[in-house]
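**Q** First, the structure itself, so that you have it in front of you.
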Amino acid sequence: MTTSDTPITSTPKPTYTFRGEGNGYFQQLAWNVGRLFSRILSILLFRLHVRGQSTLPKSGGVLLISNHQSFLDPWLLGIAPTRQVHYMARDTLFKGGFLHYLMELWNTFPVKRGAADLTAIRTAVERLDKGFMVTIFPEGTRSEDGTIGHIAPGFSLILSRTKTNVALVPVLIDGAFEAWPRDSKLPHPHSIRICYSKPIPASIWRTWSPDDLALNVRRQLVQLQQDMNSIHAVASKQRLLADEQKTSTEPPKRRRATTRE
């Protein structure tokens, strides 16, 4: 049996460096060029139509809450607003290299999926309090059929920690599911529409409990589908009513007793 004198080393995990909004002329240029190219591409491939973007606040922190239909969603949401948008992305995408650099440059920060990532929550809060626009997808995963599913109330952890009057804006994406369904490896041309709802001021959403916050956002997203005559509107409404009925018949949750040894 022989041994090698060469020490066994592991590749260090790439670190995250914020290179985004507010970091100079080059970053602003990169964002604007990327957005211009994206607008052209989205119109050619998906006949993208956007409405409601004029109601977005011109300044101050804004949390965009969107349904999740496809991998296209984060890219699509950054096209219409005149302001830059910040995103969460799963940490496994930050592997180093050029893609890692671009995500840092374009305001994307890592989040660990499947657990409450306090670092990601803290990052989102800091960016909102700095007056940035952050978007999240509280359904947690892409829709399996294009309808709007359960909205996890966890995003209230972000809002409740903000120290400024952050505006909450529900955003509907429609048609992205048909353009890139879960069982397809690549997207294909299909009409996509985006609708930004009127902002919900902090004076209103701060009066809601986490569950009420999630439910009200879901109701608004379902209503937007109906207003846009989405082919998924009826099914989303039925799904919402079924979940509401199920919740109303469930017994109150009891707090688990804890013991210390």
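The values are calculated or read from the model by the stated rules, or taken from the named source; none is laboratory data. What you see is a predicted model; the values in this text were computed from it and never measured. Reconstructed Cβ throughout: ideal geometry from the backbone, glycine too, with neighbour counts over all protein chains shown. Surface accessibility is based on the protein's heavy atoms, side chains included, excluding ligands, DNA and RNA. Shrake-Rupley method; radii C 1.70, N 1.55, O 1.52, S 1.80 Å.
**Q** Got a sec? Which of Pro57, Pro14 is part of a loop (DSSP other than H, G, I, E, B) and modelled with pLDDT under 90?
**A** Checking each option against the conditions leaves just Pro14.
**Q** Inspect the range 197-208 for any residue being modelled with pLDDT of 95 or more, assigned to a helix (DSSP H, G or I) and open to solvent by 40 Å² or more (accessible area, probe 1.4 Å) and give the result as yes or no.
**A** yes
**Q** How about the range 160-196: which of its residues are open to solvent by less than 10 Å² (accessible area, probe 1.4 Å) and among the small types (Gly, Ala, Ser)?
**A** Gly175, Ala176, Ala179 - these are the residues of the range 160-196 that are open to solvent by less than 10 Å² (accessible area, probe 1.4 Å) and among the small types (Gly, Ala, Ser).
**Q** Can you pull out every residue in the range 151-171 that is of a type in the set (Gly, Ala, Ser) and outside any loop (DSSP other than H, G, I, E, B)?
**A** Listed by number, the residues that qualify are Gly154, Ser156, Ser160, Ala167.
**Q** With the checklist (1) in contact with a Ser or Thr (Cβ under 8 Å, 6 or more places away or on another chain); (2) open to solvent by 20 Å² or more (accessible area, probe 1.4 Å); (3) assigned to a strand (DSSP E or B) in hand, flag the one item Val50 doesn't pass.
**A** Going through (1) in contact with a Ser or Thr (Cβ under 8 Å, 6 or more places away or on another chain); (2) open to solvent by 20 Å² or more (accessible area, probe 1.4 Å); (3) assigned to a strand (DSSP E or B) one by one, Val50 breaks only (1).
**Q** Which number in (1) in contact with a helix residue (DSSP H, G or I) (Cβ under 6 Å, 6 or more places away or on another chain); (2) among the polar types (S, T, N, Q); (3) closer than 21 Å to Asn23 by Cα marks the one condition that Asn107 misses?
**A** Exception for Asn107: condition (1).
**Q** Tell me whether the range 37-50 contains one or more residues that are under 21 Å from Phe132 (Cα atoms) and free of Cβ contacts under 8 Å to residues at least 12 places away in the same chain.
**A** No: zero hits.
**Q** If you take the residues of the range 219-232 that are part of a helix (DSSP H, G or I) and open to solvent by 10 Å² or more (accessible area, probe 1.4 Å), which of them is farthest from Ser191 (Cα to Cα)? If you could, list the steps in order and put the result at the bottom.
**A** Within the range 219-232, the first condition is being part of a helix (DSSP H, G or I), and the residues that meet it are 219-227.
Narrowing further to those that are open to solvent by 10 Å² or more (accessible area, probe 1.4 Å): 219-220, 223-224, 226-227.
Details: Arg219: 24, Gln220: 22, Gln223: 20, Leu224: 17, Gln226: 17, Asp227: 17 Å.
Selected residue: Arg219.
**Q** Somewhere in the range 207-220, is a residue aliphatic (A, V, I, L, M) and without any contact (Cβ under 8 Å) to a residue 40 or more places away in the chain? I'd like the intermediate steps shown before the answer.
**A** Kept after step one, since they are aliphatic (A, V, I, L, M), are these residues of the range 207-220: 213-215, 217.
Then drop every residue that is not without any contact (Cβ under 8 Å) to a residue 40 or more places away in the chain, which leaves none.
No: the range 207-220 contains no residue that is aliphatic (A, V, I, L, M) and without any contact (Cβ under 8 Å) to a residue 40 or more places away in the chain.
**Q** Let me ask another. Any residue in the range 180-203 that's closer than 15 Å to Leu63 by Cα: show its pairings with residues that are assigned to a loop (DSSP other than H, G, I, E, B) and open to solvent by 80 Å² or more (accessible area, probe 1.4 Å) at Cβ separation under 6 Å, as long as the two are six or more apart or on different chains.
**A** Ala202/Asn165
**Q** Give the residue, chosen from Leu215, Leu157, that is within 25 Å of Arg113 (Cβ to Cβ), surrounded by fewer than 21 Cβ atoms within 10 Å (Cβ to Cβ) and at pLDDT below 95.
**A** Matching residue, one of Leu215, Leu157: Leu157.
**Q** So, in the range 95-150, how many residues would count as being of a type in the set (Ser, Thr, Tyr) and either surrounded by fewer than 14 Cβ atoms within 10 Å (Cβ to Cβ) or part of a helix (DSSP H, G or I) (or both)?
**A** Selection size over the range 95-150: 4.
**Q** Now, a different point. When the residues of the range 233-253 are narrowed to those that are acidic (Asp, Glu) and in a helix (DSSP H, G or I), which ends up surrounded by the most Cβ atoms within 10 Å (Cβ to Cβ)?
**A** Of everything passing the filter in the range 233-253, Asp243 is surrounded by the most Cβ atoms within 10 Å (Cβ to Cβ).
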